[in-house]
Amino acid sequence: MPEGHTIHRAARDQRPMLAGKVLDVSSPQGRFMEGAAQLDGRRCTAIDAYGKHLLYRFGELSLHIHLGLFGRFRCAKRPAAEPKGEVRVRMMSDTHVVDINGPNSCEVMDPAEAAALVRRIGPDVLRPDADPERAWQRISRSRSSVGQLIMDQSVMAGIGNIYRSELLWRQKIHPDLPGNRLPREAFDRIWADAADLLALGVRTNAIITVDGAKKSKSRYGERVNIFAKNACPACAGKITAFEIAGRRAFACKRCQPKA
DNA sequence: ATAATATGGTGAT
DNA sequence: TCACCCTATTATC
């Protein structure tokens, strides 16, 4: 379930559970034994989110987590229940248990490695210190498509596959438009809308791109406009489905002209 | 039971 | 562009 909002939400949720506390760190699944041993018994000093990456700081050392497509967090109060599924890391404070299943990355980093990681991540739409100018410089100089660029985490961080289609639909821009033909004004709208939508995602812990929509249990329900949908909510025309670099993408030809 | 799918990313070709 | 990594859930036989 992870786009950028998921990670920032996790950081927000887990700070009061873990930060400032000495943690028991283990790997119930057994695939992170060495890393867990390095961190076990140390104090978690901070939890930082950068785009889709999460860094649990333990003084000099950082635990780098990237959920990938399948990863998930499970948080609970103690006493700890039996690990559910393949729990790569379990972190336990005096009050809480955080389990991480199926992360794409799970590694201990030294300060240089952590700094290098943060450096290669583009400006994060969810961070107040992000500099959109960096993203604009990349996009406006690139012949790649806007659809590709806004989901490239080194260009701008946080946007995933659903937000991509939804953002470009909301801003009436076709994903195939080359970055160097995107007007500055359109980029500004994309950035601002991304910041708003992802912030709402953090608040609700859900991807909601339909104005005024509420969380719902159905798969995409009324929360998204065109992602995995057939008809355009604006013009009732057919939504076209295609692929961008192997990922599903959606657009309305009528509402999202290429120029 | 087995296959297909998924909101992600990397490294080789 | 493809193969591959990681796991859980849903769809299909």
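At-a-glance table
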item: Which listed residue, of A:Ala206, A:Ala194, A:Ala186, is closer than 24 Å to A:Arg254 by Cβ and without any contact (Cβ under 8 Å) to a residue 60 or more places away in the chain; result: A:Ala186
item: Where A:Asp110 falls short, out of the listed (1) surrounded by 15 or more Cβ atoms within 10 Å (Cβ to Cβ); (2) more than 16 Å from DNA strand C (Cβ to nearest atom); (3) not small (Gly, Ala, Ser); result: (1)
item: Which listed residue, of A:Pro111, A:Pro123, is at pLDDT 95 or above, over 25 Å from A:Glu60 (Cβ atoms) and out of contact with any strand residue (DSSP E or B) (no Cβ under 6 Å at 6 or more places or on another chain); result: A:Pro123
item: Checking A:Ser154 against (1) assigned by TED's automatic domain parsing to the domain that holds A:Ala228; (2) away from DNA strand C (no atom under 16 Å from the Cβ); (3) surrounded by fewer than 20 Cβ atoms within 10 Å (Cβ to Cβ); (4) part of a loop (DSSP other than H, G, I, E, B), the condition it does not meet; result: (2)
item: Hits in the stretch A:157-190 (condition: in a helix (DSSP H, G or I) and more than 20 Å from A:Ala259 (Cβ to Cβ)); result: A:Asn161, A:Ile162, A:Tyr163, A:Glu166
item: From the options A:Asp176, A:Asp131, A:Asp193, residue that is surrounded by fewer than 20 Cβ atoms within 10 Å (Cβ to Cβ), within 16 Å of DNA strand C (Cβ to nearest atom) and among the acidic types (Asp, Glu); result: A:Asp176
item: A:Asn180 within 15 Å of DNA strand B (Cβ to nearest atom) and modelled with pLDDT of 95 or more; result: no
item: Qualifying residue in the stretch A:90-109 (condition: touching a Cys at 6+ places or on another chain (Cβ under 9 Å), of a type in the set (Val, Ile, Thr) and without any contact (Cβ under 8 Å) to a residue 24 or more places away in the chain); result: yes
item: Qualifying positions in the stretch A:87-104 - within 16 Å of DNA strand B (Cβ to nearest atom) and loosely packed, with under 15 Cβ neighbours inside 10 Å; result: A:Asn104
item: When residues of the stretch A:162-173 are limited to those that are buried (at least 24 other Cβ atoms within 10 Å of the Cβ) and touching a residue at least 60 places away in the same chain (Cβ under 8 Å), the one farthest from DNA strand B (Cβ to nearest atom); result: A:Ile173
item: Test result for A:Ala241, assigned by TED's automatic domain parsing to the domain that holds A:Tyr163 and out of contact with any strand residue (DSSP E or B) (no Cβ under 7 Å at 6 or more places or on another chain); result: no
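The rows are residues; the columns are (1) assigned to a loop (DSSP other than H, G, I, E, B); (2) among the hydrophobic types (A, V, I, L, M, F, W, C).
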{"site": "A:Leu69", "(1), (2)": "yes, yes"}
{"site": "A:Phe73", "(1), (2)": "no, yes"}
{"site": "A:Gly85", "(1), (2)": "yes, no"}
{"site": "A:Val97", "(1), (2)": "no, yes"}
{"site": "A:Ile100", "(1), (2)": "no, yes"}
{"site": "A:Leu117", "(1), (2)": "no, yes"}
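For every residue, the table says whether it meets (1) in contact with a helix residue (DSSP H, G or I) (Cβ under 7 Å, 6 or more places away or on another chain); (2) among the aliphatic types (A, V, I, L, M).
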| position | (1), (2) |
| --- | --- |
| A:Arg15 | no, no |
| A:His64 | yes, no |
| A:Ala80 | no, yes |
| A:Asp99 | no, no |
| A:Asp110 | no, no |
| A:Arg120 | no, no |
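The values are calculated or read from the model by the stated rules, or taken from the named source; none is laboratory data. Fair warning: this is a prediction, and the values are worked out from it, not measured in the lab. Because the Cβ atoms are built from the backbone with ideal geometry, glycine has one as well, and the counts that use them run over all protein chains shown.
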